[in-house]
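Remarks on the structure that follows.
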Amino acid sequence: MEHQSDQNPYEGSGDVTRLLSASSGGDEAARDRLVEVVYAEIHRMARGQMRGERAEHTLGATGLVHETFLKLFKAPAGEGGMMWSDRRAFFTAAVTAMRRVLVDHARARDAQKRGGRNRPARIEADAIAAANSMSSADFLALDEAISRLEEIDRRAAEVVRLRFYAGREIKEVAELLGVSDRTVKRDWEFARATLFESMSHDAASEPEA
Amino acid sequence: MNRSSRSTGSPLADAIDWSLAKRLFSEALELPAEEHDALLSAHRAEHRATVQRVASLLEAHGRTDGFLVEPKPRDDADASLPNRIGPYTPLERLGEGGFGVVYRATQTEPIARDVAIKVLRTGLDTPEVVARFRDERQYLAQLDHSDVVTIFDAGVTEDGTAYLVMEYFEGDPVTNFAARLTLSERLRLFARVCRAVHAVHQRGVMHRDLKPSNIIVHHAPGDDTPRVRIIDFGIAAAVQRAGRDTMTAVGAPLGTPRYASPEQARGDAGVDTRTDVYSLGMILCEMLTGKLPRQASSRDAPVDTQADRPSTLHPPERSRLRGDLDRIVLKAIDGTIDRRYDSAASLADDVGRYLRGEPVLATKPSVLYTASKFVARRRTASALIGVALLAIVSGLATLSIGIERARSAERDVRSALDRVSVERDRADAINAFLLGDVIDSLNPDVTGQPIPPTNALLARMSDLGDEAFADNPATAQALLGRVGHAQRSLGLYADAARSHEREAEASSRAFGTHDERTLYARIDALLSRLSARSFDGAEREMVEIVRLTQDHFAPDHPVALRAQVHASHIAPDVVAGEDAAELPGRIEHAGLAGSDLHIESLMIIGDLLARSGDPRGLDMLLRGVELAARTHGASGVVTLDFANRIGRALRALDRHEEAIALLEESYADARRVYGPGTQLTLALLTQLSLAALLGDRPDEGLGHAQELYANATENTPPNEPFASIGAMLIARGHEELGHYEEAVPWRRERLDRMLVATTRVDEHHVPRARLVTTLVRADRIAEAETEFQDLRKAGGPHEQFRLSAALTLAQALKEADRAGDALSLLEAERDSDAYTSDLAETLQTRIEALSDAP
C-alpha cells in the first residue's frame, strides 16, 4: 500500500480527474498518488469527527466520503467530469484512505486496553461510528479480521470495506462491483458471520483483564 | 494465547472449501432453522470440515444481532423531516434517488391531494440548475402523456433548496410487476412503455436514466387496468440542460451503469434518443428473464471492446428468450448506435410484430457482418450492387425468382449502369465477382435462409452502403440514392428517408455541404419523411434547403428550382402564390421540358393550385399525366399518382362524373399491377369513394368505402391511415343514405383509430365532433351529450365542426323539450371563448333565437 514516492511521476499532481482515470486503467503510481490526495482530504475532515471533538455533528463515513468527493471533483462548469468507470477507483482510494485514518488514530490511542467483555452491544456498519463506540483495540481487531476475510473471499471483503469504510449502500456496492443486489447481500451476511466469529474468538482467547 | 482448532489462524490451513461453504451458508439462511441440518447432512460425508465450519458460522450468525448493523440516521437536519417545502407539508420520507431525497407531502391549495416532492441534493442546486428548473416547469407541464408522470410544480425554498412536485402514487418497478404476467402481457406492457418514451422523445426530451425503478406500474384505486408511470423524465432534461457540471457535482452521474449505454458510459457528448433505446432493451431483457444480459466485456474495462464484439446473452437467459426476442433485445442494446432501433417506437413496433407472429426487423448479425466484410474488401463497384438489386426489384415481378435468373440479371445490370448517373470510370472499375459474392450471401443454398423480402433486402443494402463505404463516400452517395428511390417507390417511406439521409451525409463528405447532390439528397430525405408522416421540423429543413440553394446556385439551376417546387407545399411562406404557379413554366424554359423535374413540378404545383380552386391546376395536372405516361408508362406509379390528383381536382370543381370515370379506370389499373393493398391503390380507391359519395352516388360510394376498409385491414398490421379513412367513409356513406344508426359504430371506430394513431388532441377533434352529430341524428341524445363534454375539454382548431356539433345537439335538445338545456349548452359555448368572431356571431344568433322562441 505504501510506496516510495520519490519515483512517483504524479507526485504533487492535483489533477484528480487524471489520477482517477489513470488509476482505473491500472496505473499503480497514479493509484498511490490518488490515495494520498484523498487521504489528505479525509484526514482533515475526519479529525473533526472523532470522539471528543465536535461529536455532535458527525457525518459518518458516508457523509465524509461524499463531501470528499464533492470537494475534490467539483470542476468548473464546462469541463469534463468523472467517467462512470472511474467511480470504483475513487471509492477504492477512499476506502484505503479512510482505513488509514482510522487505524492510525486507533493505534495512536491507548491500544493496550482491550475491550474484552466490555464490547458494546451495538456496532454500526459505519467505520467512524464504530470507531467512536469501540475500544481502539477492538477496532484494530475488526480491521484485521476483515483482512483475513480477504484471504478466503476477496469479494466479500471488498463488500464489507465499501460499506464500512466508504459508507456505500448495498445497491451502490452492487453497482460498483458489477454484481446483483442479492449477491452483495449474501456476501454481506457471510462476512458478518465470519467477522463476528473471528471477533468472538479473539475475546474468548484473551486472558481476562 | 489459546489456539484451538477453531482459532483465527489462517483458515486455509484447515483445507476448507470456502466457495461451497459460502454457498451452503447462504442457502441455509434462506431456510428455517429446522431445515439446516437436513441441508448440511447431504454434504457432510464428502466435506466434513467444510460442513462443520458452516454449522459454526450459522450458529455465530444467530448471535450477530448488534454486529455491523445499519447505521442510525444521523440526527442532523438532513435526516429529519423538514417542516415545510415551499407551500407543501412533508409527511414522510420515501427514499433517496439519484438526484435527491423524495418525500410524500400534502398540498392544500388549490386542491387537497398527496404529492411527491423531490428535493435536489446539495451539489446539484447551483444557481444555473435552479434557474433551469424554473424554466423547465413550463416546459414539463406540457409533457402531457398519460404514461409519463405529471409534474405539478417546481420551486425554490427560502433557503435556496430547489424542489420538484409531482403526482404521488405507489407501485412496483416495471420489472417486479412483470413477474406476475404472461409473456405476451409483458411484451404488451413493454411496448406501451416504449410508446410513452417515444412520445416524449418527439418533444425533444430524452430521459437518459431509464431503469426499472423509474418506470412504475400501479393500480389506480378501483381500476383493474394497470397504469404506467415513467418518472424522472423532466429532471433528466432539466439537469441535462444545465450543463455538464452536473456530472461532476454529485457522486451519481446521470445514467445507472447497468442500464446506461456504452456511449453514456464513455461520457460522449452526442448521446441521442437511441441511448434511451439501449436502456429499454436492457429493461426488456430483465422483464422477460429477471436478469440483465451479461456483456462480453466488463463495464470497467475500456469500453471500445463493447462496440466491436456482438454482445451475447448469458446462456441461461438465452433459453428463455427464443429466437426473435433474443434478436430484438440484441438489436436494442447493440454497442454500435447505428445498428440499434432508431426510435423507441421502432422497438415497440418490432415487439408488436413478434406478438403477431410476423418477422421482426432485427436480423441475425452474422449475415450482415459477413456481407459487409465481403464488400469492405473491395471498395469499388458499390453502385453495381444497388443497380443490380434495383434491376431485380423492378425488372422482375417477385423475388422467388431463383438464383439463376438473378445471375442473368447481371447482364441487364451492366447495361443499366450506362443509364445510371455514375461516372464512367467507376463503372469500368466494377468487379463482376462482387455481385456474385453478394448474391451468394443471399443464396438460400448457401445460407439456408429464404431470400428475404424486398424491403428487408433494400434495408440491408442501405446498411451496407453506409458501413462499407465510409471510406468511399462518393460511391456511397450513388448507392444510397438509388436504394432510397427504390424504397420510396415501394412505399417504404421511413426506410427511404433514412437512406436519403445517409446519402446526404455521404454526399456532404464527398462533395461538400453545398453540392447539388447533397441538396438533392436532403430534399429526397425530407419528402420521404413527409410521406412517412413525420412532420416535425419539416418546414425548417425546407427553408434551410431553399436558403442554401439561393446562396450557392443561379435562380434557374435545377436544384434551386426543385427546392422552390417543394417549398411551395412545405414552406409556403417562402414561395409566394404566383411565384409557385410560374415554376413549371420556368422549368420548361430552362431547357428541362419533359424531365423528371418538370413532371414533378407539374404534379406538385398543379395539385396545389387545384386544391385552392384555381383552374390552372387541373391543366397542369393533365399536362403532367401526359408526360408521365410517355416516360413511365400508363400504369407507372407516377402516372397513377397523377390520376389520383386529377380525380381530386375534378371533385373540387364538382365535376364528379368525370372524376369517377377517371378514377375507376386508374383504380382498376393500380389494383391489377400493384395489388389491392398498396398505398397507391388505396389512395385511388379513397378518391373514388369520395367522388361517388359527393357526386350523388352514395350506394357506390359506400361500396367503395367498404372495399377500402376491407383491403386496408386485410393484413396485419392494418394499413393506416387508410383503415381509419375507410371507416370514416363508410360512416359518411351510411349518413348520406340516411342510416345514422349504422353510421355510429363507424364514427366511433374512426375516432378510436385516430386516438391510437396520434396523441395530438386537435386531430381527435373533428372525428369527435362528427360523432356527436351522428349520435344526435341517430336519436342517441344522452350519448351525444357525453361525447360533447369530452369535446369541450379539448380545445383546438376546427371550431366550425365543434359549432356544428353544438348546434345540432342544441337543436335536438330543443326538440326533445329540453330547451333550457339547449340554451345553457350554447351559452356555455359562447362563454368558453372557443370561437372566432364570425362563428361566434352565428352562435349568438342561435342563442337569441332559442331565447325568443316559446
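Calculate the mean, over all residues of peptide A:163-169, of how many other protein chain Cβ atoms lie within 10 angstrom of the residue's Cβ.
Partner-chain Cβ atoms within 10 Å, mean over residues of A:163-169: 1.
Each label point is 7 Å from the Cα along the Cα-to-Cβ direction; what then is the distance between the points at B:Arg533 and B:His589, in nm?
Label at B:Arg533, label at B:His589, 4.1 nm between them.
What's the average, rounded to a whole number, of partner chain beta-carbon atoms within 10 Å of each residue's beta-carbon in B:53-64?
On the way: counts 2, 1, 0, 2, 7, 1, 2, 10, 7, 2, 4, 8.
The per-residue average across the peptide is 4.
Expressed as cubic angstrom per residue, what is the convex hull volume of the alpha carbon set of the stretch B:734-854?
98 Å³
What ranking of A:Thr92, B:Thr678, B:Thr758 emerges when the number of other C-beta atoms within 10 Å of each C-beta is taken as an exposure proxy, fewest first?
Values: A:Thr92 21, B:Thr678 18, B:Thr758 14.
Taking fewest neighbouring Cβ atoms as first place, the list is B:Thr758, B:Thr678, A:Thr92.
Per residue of A:122-130, how many C-beta atoms from partner chains lie within 10 Å of its own C-beta, taken as a mean?
4
I need the Debye-formula profile for the stretch B:674-821: one equal scatterer per C-alpha, no solvent, reported as log10 I(q)/I(0) at q = 0.15, 0.21 1/Å, two decimals.
Log-scaled intensity ratios, in q order: -0.77, -1.26.
At a 10 angstrom cut-off on C-beta neighbours, averaged per residue, how do the peptides B:580-586, B:493-499 rank from highest to lowest?
The most tightly packed comes first, giving B:493-499, B:580-586.
Under 1.5 on a/c is rounded, so check that first for the stretch B:551-662, then, if it is not, pick prolate when a/b is larger than b/c and oblate when it is not; a ≥ b ≥ c are the square roots of the alpha carbon gyration tensor eigenvalues. Show your work: numbers first, answer last.
Numbers: a/c = 2.48, a/b = 1.43, b/c = 1.73.
It comes out oblate by the Cα gyration axes.
Hey, rough spin-label estimate for B:Thr842 and B:Val756, points 7 angstrom out along Cα→Cβ, what's it come to in nanometres?
3.3 nm
May I ask you to sort A:Arg107, A:Arg87, A:Arg154, B:Arg93 by Cβ crowding, counting other Cβ atoms within 10 Å and putting the fewest first?
By the 10 Å Cβ count, ascending, the order reads A:Arg154, A:Arg107, B:Arg93, A:Arg87.
Using Cα centres only, tell me the gap between the stretch A:136-208 and the stretch B:542-588 in whole Å.
74 Å
Out of all Cα-Cα pairs in the stretch B:555-600, roughly what percent, to the nearest whole number, are more than 12 Å apart?
For the stretch B:555-600, the share of Cα pairs beyond 12 Å comes to 54 percent.
Given the pairs B:Lys291/B:Lys331; B:Lys22/B:Lys211; A:Lys171/B:Lys331; A:Lys185/B:Lys118, which span a C-alpha to C-alpha distance of over 21 angstrom in this model? Can you show the working numbers first?
Details: B:Lys291/B:Lys331 17 Å; B:Lys22/B:Lys211 31 Å; A:Lys171/B:Lys331 28 Å; A:Lys185/B:Lys118 28 Å.
Where the Cα-Cα span goes over 21 Å, the pairs concerned are B:Lys22/B:Lys211; A:Lys171/B:Lys331; A:Lys185/B:Lys118.
Read the figures in this text as sums done on the coordinates, not as results from a lab. In this text, all values refer to a predicted model and were calculated from it rather than measured experimentally. Because the Cβ atoms are built from the backbone with ideal geometry, glycine has one as well, and the counts that use them run over all protein chains shown.
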